[in-house]
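Report on one structure; see the data block that follows.
FYI, it's all coordinate maths here, none of it is from the lab. Treat the numbers as computed from the prediction; the structure is a model and nothing was measured. Glycine gets a Cβ as well: all are built from the backbone with ideal geometry, and neighbour counts include every protein chain shown.
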Amino acid sequence: MAPFLLDVSKAQVAYDTARKWFALVPPFFLPPTLFIDAPFGRFASLKKSIFTVDGIRSWIFMELVSFGTFIYTYTHSPLSPKAVGSAPPLTLTHPPTFLASLFLTHYLNRAIISPLRTPSRSNSHLSVVLSAVVFNTLNGSLMGSYLSSPAAQTYLAGAFQRPLFWFGVALWAVGFAGNIYHDEILLNLRRSAKAKGKDKADDNNGKDKSKGEHYAIPHGALYRFISYPNYFCEWAEWLGFALAAAPAPSFASVAAFTATVSPPWIFFFNELWLMLPRAYKGHKWYHSRFPDYPKERKAVIPFVL
């Protein structure tokens, strides 16, 4: 037993260290990214270089990292002292495995289904891909480690009988569906442009620009209120997941927060820190690009921001 306990002890130290730093570091990226545009999507440079990579293929690669690292750590239970390297019960009647299926469903759509249905995507800079690989490696590994850990097994025992669990699952489902629905509106704009031979044009009040992907003003559903409903729905999705999967952290102090925050909550908070500046900058881009852009729309939170 001694070697197994030693391995678990090392795994616990590595897990706690990665968890704390993954909670503390991303918020510091929020201020600079309010002024610096990450070079992908609408902010991608039109000039190709040795650091330019295909948008669709690089997206699939970097998102599959989270899918793969999660499966490995979940099925190998690195924090379990009972059977190092064994998998939890792989049945949907087991609450952690049920939640694991939600996580994998999201990334199956994000890494495979969505990009393969995308008619075109702007090239990305290699730095964006490498940053995403680091993020997804940490996120997938920590999430899989948490859900397969004794702490999660204990907290989620009897979860199917708790209203908060099902409220979180319902919020996850609504957010997931909303994310797909609003992404589909954007994809339909791109498909329509491609069908008309404008997939490399930008419709700006009738003015055709020959470089870059096609962009137009999206309409419908939450686009009535905000420029980035897909982001808003993704935040709702992972808030619901966190509510279902783990107790809320303490906000009494930084030390209390880092001691109590778990990977589901870290993922939700990191989504806020990293996507909020992107939504703010993209909202301003829409207004600068389209003079007739609806002025009543907020950026990412209806009626607020």
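For L130 and A157, FRET efficiency with R0 = 41 Å and r from the beta-carbon atoms, rounded to 0.05? Before the final figure, lay out the partial values.
Numbers: r = 39 Å, r/R0 = 0.96.
Result of the calculation: an efficiency of 0.55.
Using DSSP to call loops (not H, G, I, E or B), can you name the GluC sites (Glu not before Pro) in region 219-305 whose Cβ has at most 10 other Cβ atoms within 10 angstrom?
E296
With the Cα gyration tensor of region 70-155 in hand, give its eigenvalues times 5 under a square root as the equivalent ellipsoid semi-axes, listed largest first in whole angstrom.
Numbers: eigenvalues 176, 50, 15 Å².
Over the Cα atoms of region 70-155, the semi-axes work out to 30, 16, 9 Å.
Each label point is 7 Å from the Cα along the Cα-to-Cβ direction; what then is the distance between the points at T105 and L272, in nm?
The answer from the label model is 2.5 nm.
Roughly speaking, what is the stretch gain from R57 to F251, that is 0.36 nm per residue apart minus the C-alpha to C-alpha distance, in nm to one decimal?
Details: separation 194, 0.36 × 194 = 69.84 nm, distance 3.98 nm.
Length gained between R57 and F251: 65.9 nm.
Give a quick list of trypsin sites (Lys or Arg not before Pro) in region 238-305 that DSSP marks as loop, anything other than H, G, I, E or B, with at most 16 other Cβ atoms within 10 Å.
On the way: sites: R278, K281, K284, R289, K295, R297, K298; in loops: K295, R297.
Here the trypsin sites (Lys or Arg not before Pro) that fit, given the DSSP loop and packing criteria, are K295.
In which sequence would V65, V304 go, from the one with the fewest C-beta neighbours within 10 Å to the one with the most?
Numbers: V65 22, V304 9.
Neighbour counts put them in this order, fewest first: V304, V65.
Out of region 73-170, which trypsin sites (Lys or Arg not before Pro) are coil in DSSP terms and have no more than 13 other C-beta atoms within 10 Å?
On the way: sites: K82, R110, R117, R121; in loops: K82, R121.
Answer in residue order: K82.
Can you put I113, I301 in order of Cβ neighbours within 10 angstrom, beginning with the fewest?
On the way: I113 11, I301 15.
Ordered by Cβ neighbours within 10 Å, fewest first: I113, I301.
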